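K.L.:
Before I ask anything, here is the structure I am working with.
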Amino acid sequence: MAGLLRKLKNEFLPPINEHPLAEDLQWERHNLFMAEVGSRMVGSVIVACIVGLMFYSSATADALLIWFSGILFVAINSWLLIRWHYRSDHENRSLSYVRIWHWVNLYLSVIWGIFWALTPFLFFPDASQIQILSLLLLVVVASSMPSVTMGCYPDIYITFLTPVFFSFSWHLLAVDFGGEILPLIIAPLTWMMLVLFSIVIHRTHMESIILRLEHRNAQELADERTAAKTRFIAVASHDLRQPVQAARLYAEAMLSNPDMRSQETSEKLVRSLSSASHLLDRLLDISKLDAGVLEVNRQAIRVQKVLNEISAVHSVHAMEKGIHLRVQGEQCLVCADKSILIEILDNVIGNAVRYTEQGEITVSAHTSGASVCLTVEDTGQGIPKAKQAIVFEEFVQLDSGPETAAGNAGMGLGLPIVKRLCELHAIPFEFESDVGVGTSFRFYLPRASDDSANSTEDSTIKDQTPLRILVIDDEPQITDSLSMILVAAGHDVEVAHNMQQLQRTLRSGRFIPQLVLSDDRLPGNLASGDMIEEVNSQLGRPVPAIIMTGNTSPERIQALKASGYPVLFKPVSNAEIMSAITQLDIS
């Protein structure tokens with residue numbers, strides 16, 4: 001029996017505390033209940049006064065004195081408590097406040113229930129059947145009106161109903177209705193129907209509140225994403241314009257002035273373009289993580305070598321700011337994915353340099369049992385405690401510090417990428433920061449043995465045999481620049497800008513490609529897969545292929561990953577193209 005009751009309770013009165021929106025639910029139903037409580041109490045006082053007038057001629061003076069004194073007592077209690085509620089601090093979002101008011105309202109329901117339960121004791125002995133039935137009807141109507149009350153807190157409602165209707169039921173048994181059964185059972189039957197109705201209304205109320213809260217949260221999330229997207233577009237546009245503008249000026253200077261065509265200017269041009277490429281890579285990292293296509297390839301890595309390589313990249317910027325960037329610690333090996341580890345450290349050290357104006361940045365490695373702790377510490381501006389939780393959210397920037405004021409804060413992707421890469425690689429990390437003191441990151445990686453390191457040392461890239469490479473892209477500038485790079489490396493290159501050109505080249509038989517290097521999005525709503533399939537069909541055998549794309553949609557990245565072909569994401573460097581060709585091992 002107890003099990004059946006629990007099952008019915010969970011079915012019709014689901015536990016609110018277990019819901020993800022439990023706190024908001026509690027506040028929402030409390031606010032709905034209290035919004036109605038004032039008018040409900042006024043209405044109850046008016047109905048009670050009408051009842052007193054109904055029995056004014058038939059009731060004794062003592063009964064009327066007790067009745068109107070009771071009205072005064074419950075009315076004053078209700079008024080004082082409701083007044084206290086409206087004068088209290090509604091900004092206090094503590095759930096203890098809601099629980100206190102739940103008990104207050106239970107108290108009010110008890111005194112009102114006892115008050116109305118006195119009605120038969122005071123008026124029934126001298127009342128007529130018409131008066132009794134009229135009073136019962138009035139109580140039923142008054143009890144069934146407050147739908148919010150019965151729906152939000154059925155326990156409060158039932159606490160009020162029970163003494164009232166059980167008192168009526170007891171006294172109706174002593175009334176002579178001429179053998180009629182209905183007047184005798186109407187009170188307990190009404191109580192039962194109102195209780196069941198309260199439970200049903202409660203379930204409907206809760207579902208309605210949940211839907212409203214979910215809609216509100218979804219709208220707020222959509223607004224936040226829209227704001228984040230707008231902010232990101234503004235920041236990304238600025239950050240990309242800076243290096244592209246510099247590259248354009250360098251290129252125009254070299255074209256207009258032969259004296260500017262020097263190694264130094266060329267290197268500055270390349271650095272500007274590399275900076276723009278680095279910003280686009282941040283976006284690509286997020287897209288790859290969203291697509292779930294990043295794979296973890298763990299191997300033994302010499303930590304000191306990786307730290308030295310990354311520090312060398314950031315040391316130039318650190319020296320320009322007068323910051324000392326030093327690498328220290330033990331010579332040790334870790335088991336990790338080298339590219340992921342480099343990406344993590346690159347973001348953290350880059351942030352340390354960006355937000356440190358004086359002092360030093362220390363990058364160190366120390367063994368601790370079976371783990372190696374990699375630490376990046378700076379003496380920068382630090383992050384306020386209140387903002388430390390949001391720095392790992394995408395597109396969030398802290399509006400403080402000279403770098404931010406100068407427009408060099410980046411797109412707010414560094415730390416979100418660090419967090420997600422650590423989760424992907426299962427690298428535990430700790431983060432501490434104090435304003436005016438600095439920030440510290442600690443990453444814990446498993447140690448590796450010397451034997452495993454010997455088998456995974458970087459191998460020298462072997463020389464590549466000249467190949468016949470078919471380049472497919474609808475942009476003439478892309479095909480022209482790719483051709484220059486590939487021809488300079490000794491390869492024979494043929495170009496096709498669309499499907500018709502590709503078919504003519506293959507049917508002529510003058511160029512039999514050993515490798516296809518294709519863009520992904522092509523004229524005629526075609527994709528790289530269509531081009532590669534056409535080449536394989538014309539030659540009657542599969543031909544190795546590399547796909548180049550600027551599409552960073554997670555869905556498209558997943559589709560390209562599933563194709564099995566190597567994928568390069570634009571902008572891509574000469575070295576990346578050559579490395580991809582070498583790894584195909586085409587004979």
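The values are calculated or read from the model by the stated rules, or taken from the named source; none is laboratory data. Every value quoted in this text rests on a predicted model; they were computed, and no experiment measured them. Note that we place each Cβ from the backbone using ideal geometry, even for glycine, and neighbour counts take in every protein chain shown.
K.L.:
For the structure I just gave you, tell me whether residue 345 is in contact with a helix residue (DSSP H, G or I) (Cβ under 9 Å, 6 or more places away or on another chain) and part of a helix (DSSP H, G or I).
P.N.:
Details: in contact with a helix residue (DSSP H, G or I) (Cβ under 9 Å, 6 or more places away or on another chain): yes; part of a helix (DSSP H, G or I): yes.
Considered against the rule, which asks whether it is in contact with a helix residue (DSSP H, G or I) (Cβ under 9 Å, 6 or more places away or on another chain) and part of a helix (DSSP H, G or I), residue 345 comes out as yes.
K.L.:
Write out, first by first residue and then by second, each pair whose Cβ atoms fall under 7 Å of each other, whose residues are 6+ apart or on separate chains, and whose first residue, in the stretch 305-319, is more than 20 Å from residue 334 (Cα to Cα) while the second is charged (D, E, K, R).
P.N.:
none
K.L.:
Is the stretch 89-98 home to any residue that is polar (S, T, N, Q) and crowded, with 17+ Cβ neighbours inside 10 Å?
P.N.:
Of the residues in the stretch 89-98, the ones polar (S, T, N, Q) are 92, 94, 96.
Remaining after also requiring crowded, with 17+ Cβ neighbours inside 10 Å: none.
No, every residue in the stretch 89-98 fails to be polar (S, T, N, Q) and crowded, with 17+ Cβ neighbours inside 10 Å.
K.L.:
Follow-up question, since we're still on this one. Does the stretch 55-69 contain at least one residue that is loosely packed, with under 10 Cβ neighbours inside 10 Å, at pLDDT 80 or above, within 28 Å of residue 133 (Cβ to Cβ) and among the hydrophobic types (A, V, I, L, M, F, W, C)?
P.N.:
Yes: one or more hits.
K.L.:
State all residues of the stretch 116-137 that are at pLDDT below 80 and within 60 Å of the chain's Cα centre (by Cα); if no residue qualifies, say none.
P.N.:
133
K.L.:
Looking at the stretch 469-491, can you tell me whether even one residue there is assigned to a helix (DSSP H, G or I), more than 45 Å from the chain's Cα centre (by Cα), touching a residue at least 24 places away in the same chain (Cβ under 8 Å) and crowded, with 17+ Cβ neighbours inside 10 Å?
P.N.:
First, the residues of the stretch 469-491 that are assigned to a helix (DSSP H, G or I): 476-488.
Going one step further and asking which of them are more than 45 Å from the chain's Cα centre (by Cα), we end up with 484, 487-488.
Now narrow it down to the ones that are touching a residue at least 24 places away in the same chain (Cβ under 8 Å): none.
Looking for residues that are assigned to a helix (DSSP H, G or I), more than 45 Å from the chain's Cα centre (by Cα), touching a residue at least 24 places away in the same chain (Cβ under 8 Å) and crowded, with 17+ Cβ neighbours inside 10 Å, one finds none in the stretch 469-491, hence no.
K.L.:
Shifting gears a bit: Any idea which of 560, 502, 568 is outside any loop (DSSP other than H, G, I, E, B), of a type outside the set (Asp, Glu), in the same structural domain as residue 472 (by TED's automatic domain parsing) and modelled with pLDDT under 85? First the steps, then the outcome.
P.N.:
Details: 502 fails: modelled with pLDDT under 85; 568 fails: modelled with pLDDT under 85.
Testing whether each residue is outside any loop (DSSP other than H, G, I, E, B), of a type outside the set (Asp, Glu), in the same structural domain as residue 472 (by TED's automatic domain parsing) and modelled with pLDDT under 85 leaves just 560.
K.L.:
For the list (1) buried (at least 20 other Cβ atoms within 10 Å of the Cβ); (2) modelled with pLDDT of 85 or more; (3) farther than 18 Å from residue 142 by Cβ, I need the number of the one condition that residue 167 fails.
P.N.:
(3)
K.L.:
From the residues in the stretch 87-106 that are touching a helix residue (DSSP H, G or I) at 6+ places or on another chain (Cβ under 8 Å) and at pLDDT 80 or above, which one is nearest to residue 25 (Cα to Cα)?
P.N.:
98
K.L.:
Would you confirm, using the coordinates I've provided, whether residue 60 is hydroxyl-bearing (Ser, Thr, Tyr) and more than 20 Å from residue 37 (Cβ to Cβ)? If you could, list the steps in order and put the result at the bottom.
P.N.:
Working: hydroxyl-bearing (Ser, Thr, Tyr): yes; more than 20 Å from residue 37 (Cβ to Cβ): yes.
Yes, satisfied.
K.L.:
Run down 423, 432 and say which single residue is surrounded by 11 or more Cβ atoms within 10 Å (Cβ to Cβ), in contact with a strand residue (DSSP E or B) (Cβ under 7 Å, 6 or more places away or on another chain) and either over 30 Å from residue 360 (Cα atoms) or modelled with pLDDT of 80 or more (or both). Let's see the steps before the verdict.
P.N.:
Working: 423 fails: in contact with a strand residue (DSSP E or B) (Cβ under 7 Å, 6 or more places away or on another chain).
Only one candidate passes the filter, namely 432.
K.L.:
Another question, if that's okay. If you check residue 211 against the conditions, is it among the aliphatic types (A, V, I, L, M), crowded, with 19+ Cβ neighbours inside 10 Å, in a helix (DSSP H, G or I) and assigned by TED's automatic domain parsing to the domain that holds residue 101?
P.N.:
Values: among the aliphatic types (A, V, I, L, M): yes; crowded, with 19+ Cβ neighbours inside 10 Å: no; in a helix (DSSP H, G or I): yes; assigned by TED's automatic domain parsing to the domain that holds residue 101: yes.
No, not satisfied.
K.L.:
Something else now. Residues in the stretch 269-298 that are at pLDDT 75 or above and buried (at least 16 other Cβ atoms within 10 Å of the Cβ): how many?
P.N.:
2
K.L.:
I would also like to ask the following. Has the stretch 292-299 got at least one residue that is of a type in the set (A, V, I, L, M, F, W, C) and touching a strand residue (DSSP E or B) at 6+ places or on another chain (Cβ under 7 Å)? Spell out how you get there, then give the answer.
P.N.:
We begin by selecting, within the stretch 292-299, every residue of a type in the set (A, V, I, L, M, F, W, C); these are 293-294, 296.
If we keep only those that are touching a strand residue (DSSP E or B) at 6+ places or on another chain (Cβ under 7 Å) as well, we get none.
Within the stretch 292-299, none of the residues are of a type in the set (A, V, I, L, M, F, W, C) and touching a strand residue (DSSP E or B) at 6+ places or on another chain (Cβ under 7 Å).
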